[in-house]
């Protein structure tokens, strides 16, 4: 099975030549932002570091030793020395499926079929851990007619199809029905920032369920006790939390989270010692957690009647307050809000600062902020009109006053946003705490299981 990708190379020539000479940096080069010579250096360096060892290098329509100069001469001959300097492609194979010699042979054939009739290409085979892969550096300008290589979607499809055909020729596995679904940009950026996304939350709870289960029934039961809804069988099995509209298939979370892989993990951890121990019932004690008194949060009790108390309690559940608090066991419904911790913390400070306890007070505060903000905006508009007719000395004074008004408006606008956020989030908080309350109250003081907890 081969994975393929291709991207353009654009950058300053001189800067990256110096970059390529830096031994410390070439140990771990950045492919996506590299110059022609840097990419060639990466693909054909005979002294690869311990991170990647080179096995074979082949030049197509150029000599390996002088590939950079030949590609540059081609560009100058046709007067196309700017823009995209080259294209860098990669073909990666499944671990332990192919030998280095076969990998390089497939890479050379792929390069000849794709670009061999018009472009200069360097093909290099590397070993990255146990995953063999080929690098291709393709000159952006054709040595035949001077036309630039067009890296369009259809060309990438041709690259993938050609690679798959060669894999079949060498009796290697091929991804017959690759998924076309991609992660949303928001989800991608959130995961890149290290935030706790929905998928990350699901994976975390699945890992926990695997660790605590000895059968698939126990695995599903554990997730249901945490509040998950589960439907489908094997390939179509999916899960979701109540506040999400759609189910997510297990296999969507990654290859390691398919039902068959999960089942394999659960059965593999059932060693002889555990099986022997599981013959006798194990008695263990689970302290019954204190009920959350949702009636109080909804306003029937004295303690949680106030909005700020609701927020402070929620912050306690998230582990925001107190600062020296130990690790808290959270339900998935609460855990998801960790990624919005800063926003919740600011809303809590806002409520405490203005001593807002009820929705009526919150609405009144919103109205007060909006009125004050409208008044300041009106004053700023008058100052702007006045500045058009003012003398230079007076204009400077008016400008300073306008900046002060803008600063005040900015603060009010942030407060209004916090107030509106509190109104929306407080209702959601109640629902999440309700769900947590239901999950916690399902726990029993004494539970008998056969080898389930260790």
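Criterion applied to 274, 230 was being modelled with pLDDT under 85 and surrounded by 12 or more Cβ atoms within 10 Å (Cβ to Cβ), and the one residue passing it is 274.
The residues of the stretch 79-108 that are modelled with pLDDT under 90, out of contact with any strand residue (DSSP E or B) (no Cβ under 7 Å at 6 or more places or on another chain) and in a loop (DSSP other than H, G, I, E, B), listed by number, are 81, 82, 83, 94, 96, 97, 99. Kindly evaluate residue 425 against the criterion of being over 30 Å from residue 358 (Cβ atoms), modelled with pLDDT under 90 and buried (at least 17 other Cβ atoms within 10 Å of the Cβ). So residue 425 fails the test.
For residue 124, the conditions (1) outside the structural domain of residue 58 (by TED's automatic domain parsing); (2) buried (at least 18 other Cβ atoms within 10 Å of the Cβ) all hold with the exception of (1).
Remark: residue 111 falls outside the filter, which requires a residue to be more than 33 Å from the chain's Cα centre (by Cα), crowded, with 16+ Cβ neighbours inside 10 Å and assigned to a helix (DSSP H, G or I).
If you go through the stretch 64-78 and pick out every residue that is outside any helix (DSSP H, G or I) and either surrounded by fewer than 13 Cβ atoms within 10 Å (Cβ to Cβ) or without any contact (Cβ under 8 Å) to a residue 40 or more places away in the chain (or both), you end up with 2.
The values are calculated or read from the model by the stated rules, or taken from the named source; none is laboratory data. Bear in mind that the values here come from a model prediction, so they are computed numbers and not experimental data. Don't worry about glycine lacking a Cβ; one is built from the backbone with ideal geometry, like all the others, and counts go over all protein chains shown.
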